[in-house]
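Notes follow once the structure below has been shown.
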Amino acid sequence: MKRYVIVSLIAVALLAAVPGWAAPPFGSFGGIAGGGNSGAGLLSLTGWALDDNGVLAVDVLVDGLVAIRANYGRARAGVTARFPGYPDSAAPGFGVQLDTTHYLNGLHTVTVRVKSRAGEVAFLEPRVINFTNVTHDLAPFGQIEFPRPQAELRGNCDIYSLNRRYAVVSGYALDAGLTDFDTGVAYLELLIDRAVAFDPDPDPLDLKHPRHPVDYNSDLSCIFSANQGGLTNCYGIRRVDVERLYPSLKDSPHSGFRFVLDIGNLLDSESGYTQGQHILTIRAGDHASQIRDIAEIPVTFACDQNLPNEDSVGTIDLPQNGLLYHGVINASGWALDFNGVRSVQVLVDGHPVGNATYGLPRPDVDLAYYFPGFPSVSTPGWQFQLDTTQLNNGEHFLDAIVTDNLGATTYLGRRRFVVNNVGG
């Protein structure tokens, strides 16, 4: 069967090259043809599709009825190599999470329908899948997206300093269930070294009010703090990107979580935390009392006072790699440093051409969410007017270097761009 499918695909590709013959869409998706497939909860379906006019949409049908539209445009290097020259050859893959809890347990026929931009429709070879859902198998799931594993989380260990430094732990969490009652995330907890994080003295500077201990549980201590960048120790933050991936789950539009730690305060308090390596874990509970550690990463706690000056963070937005430019362009990006940014120097082809204007608002980049407590977090933008008429037509390179208020420099990166001035 596998040999027949491969031969058929090659035949379709060859016929597509015949003048006047419009080939229908073709492709493949995972699983065993004829049966022997099973799954529960959110079932990952992946595959690929191509058409000589381009693929418009890929839909998944269950028992002949459209269930969900797949995300099309994923890289599939092997397919790209086998079928070059198609409009979508560079990224012919598709993927989708099918929520099997919407169906009765048992055998179901899952089919992928591919529609081309010319209106042609083709159905890929179906898969018979046994849905086997039981409540105890449908535990919460999710991911820690920030920080990355092995990140260095710094804090100001002088707890009486007004210049506090915060570490954000954020991501998303979801839960599928068999009924509305057991579907959804009930609470999240942040664990340090596999015990619920606890700060007995969360605000040592607040001398006017009693100090209330904080345990990092989204059900107990969700607050809004402008100093800490917004919603803190919370579940239910808006995540439209997650909704696109899991549209059938009720929490997906507001599936984000965000915890904020004052590392310096934790290291100095009665919590017993020390500098060095620690494990951060997110534990989730659903409405059916299913509890699961959904994500875990190693990190390092450190005091700013005991370490050298760290690098700045930032990016170059324009120019974009490889694009053509002419006339005067606004090279731009953003930069932050915990000690403050003194300057952003711009270089072209390795030669300094000037300092960018720094301190511009960037409402499109919610840096306060990830870097609360940093100076200029609301105005981290930089911009430099680059006159490309002073450059020869052809390939050039733009670099940016950030200098902080203590004199330390950080190389932000490089962008390759092409100058194409008429008459140049």
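Just so it is clear, none of the values below were taken in a lab; they were calculated from the coordinates. In this text, all values refer to a predicted model and were calculated from it rather than measured experimentally. For neighbour counting, all protein chains shown are included, and Cβ atoms are generated from backbone atoms with ideal geometry for every residue, glycine included.
Quick look at the values:
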quantity: Dipole of the chain [Lys/Arg +1, Asp/Glu -1 at C-beta], most positive-end residue of Q383, T109, Y273; calculated: T109
quantity: Inter-label distance, nm, simple model (7 Å from Cα along the C-beta direction), D293/Q320; calculated: 4.2 nm
quantity: Rounded, prolate or oblate (a/c below 1.5 giving rounded, otherwise prolate when a/b exceeds b/c) for the stretch 25-167 by Cα gyration tensor; calculated: oblate
quantity: Fluctuation leader among Q385, Q143, Q290 - the chain, Gaussian network, Cα springs under 10 angstrom; calculated: Q385
quantity: Förster radius 35 Å - calculated FRET efficiency between A151 and V328, Cβ distance, rounded to 0.05; calculated: 0.35
quantity: Summed side-chain charge close to A23 - residues other than A23 whose Cβ falls under 11 Å, Lys, Arg +1, Asp, Glu -1; calculated: -3
quantity: The chain: relative contact order as a whole-number percent, Cα under 8 Å and 6+ apart; calculated: 13 percent
quantity: Span per principal axis, largest first, for the Cα atoms of the stretch 242-400 (Å); calculated: 66, 47, 25
quantity: Two-decimal Rg/Rh across the stretch 137-306, once Rg and the Kirkwood Rh are taken from alpha-carbon atoms; calculated: 0.99
quantity: Unit charges at the beta carbon, dipole of the chain: most positive-side option, L261, V346, Q290; calculated: V346
quantity: The chain, dipole about Cα centre (Lys/Arg Cβ +1, Asp/Glu Cβ -1), debye to the nearest 20; calculated: 1400 debye
quantity: FRET efficiency for T179 and A90, using Cβ-Cβ distance with R0 set to 51 Å, rounded to 0.05; calculated: 0.75
quantity: Translational D in µm²/s for the stretch 313-419 (Stokes-Einstein at 10 °C, 1.306 mPa s, Kirkwood Rh from C-alpha pairs); calculated: 113 µm²/s
quantity: Whole-angstrom gap from the stretch 123-182 to the stretch 296-315, using each part's C-alpha centre; calculated: 23 Å
quantity: Pairwise label distance in nanometres, A75 with L104, each label 7 Å out on the Cα-Cβ vector; calculated: 4.4 nm
quantity: Of E125, E145, E395, the one that fluctuates the most in a GNM where the chain has Cα springs shorter than 10 Å; calculated: E395
quantity: Full-extension gain in nm, T389 to V121, via 0.36 nm per residue minus C-alpha separation; calculated: 91.5 nm
quantity: Pair-distance profile P(r), taking every C-alpha pair of the chain, with 10 angstrom steps and integer %; calculated: 4, 17, 20, 21, 21, 13, 4, 0, 0
quantity: Simple Cβ-charge dipole of the stretch 217-264, Lys/Arg +1 and Asp/Glu -1, about Cα centre, in debye nearest 20; calculated: 140 debye
quantity: Long-range tail of P(r) for the stretch 286-363 (Cα pairs > 22 Å, %); calculated: 52 percent
quantity: Estimated FRET transfer efficiency when R0 is 45 angstrom, pair Q275-K250 (beta carbons, to 0.05); calculated: 0.60
quantity: Check: the stretch 87-133 dipole with +1 on Lys, Arg Cβ and -1 on Asp, Glu Cβ, in debye; calculated: 60 debye
quantity: Mean ellipticity per residue at 222 nm, deg cm²/dmol - from DSSP H runs of n ≥ 4 across the chain, formula -39500 (n - 2.57); calculated: -2000 deg cm²/dmol
quantity: Full-stretch length increase - N405, N420 - with 0.36 nm per residue and alpha-carbon distance subtracted; calculated: 1.6 nm
